[in-house]
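Visitor: Attaching a single structure in structure tokens format; questions to follow.
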Amino acid sequence: MMNVFVGIGRLTRDPELRYTPQGVPVASFAIAVERPFANAQGNKEVDFIDCVAWRKLGEVVGNHLSKGRLVGVRGRLQIRSYEAQDGTKRRVAEIVAEDINFLDGKKNGNGAAAESGSASEPDAAIPDDLPF
């Protein structure tokens, strides 16, 4: 079985870094990914993809990325369900990031690129309890 997402896009907003009650960092962000084909009017459409990064990777995202930055994200698709405050059941699809590449440099005060790089989630190993 395979569940792999790879996409390149720009952050649509600043990442939201928060911590679980157990103190685990988690960053939520979204990227805008252009589709590889044009619609009937000749325009390329864009998909807005929600992403989440955990632990050290979440801290890196929350502390070093901002709206408009170009990133490459590799991870897996996760679909989770929850019950909203009004009692309705909701489903959320998001990418759980395992590796993020900073594809453009963060602009410093004089407009020059100051920072680029990548980060990986070290705890993203395959679980030992898989049945194969």
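Visitor: Among the candidates 80, 55, 74, single out the residue that is touching a Gly at 6+ places or on another chain (Cβ under 9 Å) and charged (D, E, K, R).
Guide: Testing whether each residue is touching a Gly at 6+ places or on another chain (Cβ under 9 Å) and charged (D, E, K, R) leaves just 74.
Visitor: Have a look at 69, 76, 35, 90 and point out the one that is among the basic types (Lys, Arg) and open to solvent by less than 60 Å² (accessible area, probe 1.4 Å).
Guide: Selected residue: 69, the only one of 69, 76, 35, 90 that is among the basic types (Lys, Arg) and open to solvent by less than 60 Å² (accessible area, probe 1.4 Å).
Visitor: OK, next. Looking at the range 12-33 only, could you name the residues that are farther than 29 Å from residue 45 by Cβ and either part of a loop (DSSP other than H, G, I, E, B) or in contact with a Ser or Thr (Cβ under 6 Å, 6 or more places away or on another chain) (or both)?
Guide: Passing the criteria: 20, 21, 22, 23, 24.
Listed here are the residues, each with its yes/no results for (1) out of contact with any strand residue (DSSP E or B) (no Cβ under 6 Å at 6 or more places or on another chain); (2) closer than 30 Å to residue 105 by Cβ; (3) at pLDDT 95 or above; (4) not basic (Lys, Arg).
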residue: 2; (1), (2), (3), (4): yes, no, no, yes
residue: 17; (1), (2), (3), (4): no, yes, yes, yes
residue: 29; (1), (2), (3), (4): no, yes, yes, yes
residue: 36; (1), (2), (3), (4): yes, yes, no, yes
residue: 43; (1), (2), (3), (4): yes, yes, no, yes
residue: 62; (1), (2), (3), (4): no, yes, yes, yes
residue: 76; (1), (2), (3), (4): no, yes, yes, no
residue: 95; (1), (2), (3), (4): no, yes, yes, yes
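Visitor: Moving on. Name the pairs: first residue in the range 26-44 and under 30 Å from residue 64 (Cα atoms) and among the polar types (S, T, N, Q), second residue part of a strand (DSSP E or B) and at pLDDT 95 or above, Cβ to Cβ under 7 Å, at least 6 apart or on different chains?
Guide: Qualifying pairs under 7 Å: 28/16; 28/52.
Visitor: State whether the residues of the range 53-71 include one that is more than 14 Å from residue 102 (Cβ to Cβ), assigned to a strand (DSSP E or B) and under 11 Å from the mean Cα position of the chain (by Cα).
Guide: Yes, some residue in the range 53-71 is more than 14 Å from residue 102 (Cβ to Cβ), assigned to a strand (DSSP E or B) and under 11 Å from the mean Cα position of the chain (by Cα).
Visitor: Residue under question is residue 29, and the condition is that it be closer than 20 Å to residue 92 by Cβ and in contact with a Pro (Cβ under 8 Å, 6 or more places away or on another chain); does it hold?
Guide: It is true that residue 29 is closer than 20 Å to residue 92 by Cβ and in contact with a Pro (Cβ under 8 Å, 6 or more places away or on another chain).
Visitor: Can you tell me which residues in the range 4-23 are open to solvent by less than 80 Å² (accessible area, probe 1.4 Å) and either among the polar types (S, T, N, Q) or under 19 Å from residue 75 (Cα atoms) (or both)? Talk me through it step by step, then tell me what you get.
Guide: Just the residues of the range 4-23 that are open to solvent by less than 80 Å² (accessible area, probe 1.4 Å), to begin with: 5, 7, 9, 11-12, 15, 17, 20, 23.
The answer is 5, 7, 9, 11, 12, 15, 17, 20.
The values are calculated or read from the model by the stated rules, or taken from the named source; none is laboratory data. No experiment lies behind these values; they were computed from the predicted model shown. All Cβ positions, glycine included, derive from the backbone under ideal geometry; neighbour counts span all protein chains shown. Areas reflect the complete protein model, heavy atoms only, side chains present, ligands, DNA and RNA absent. Shrake-Rupley method; radii C 1.70, N 1.55, O 1.52, S 1.80 Å.
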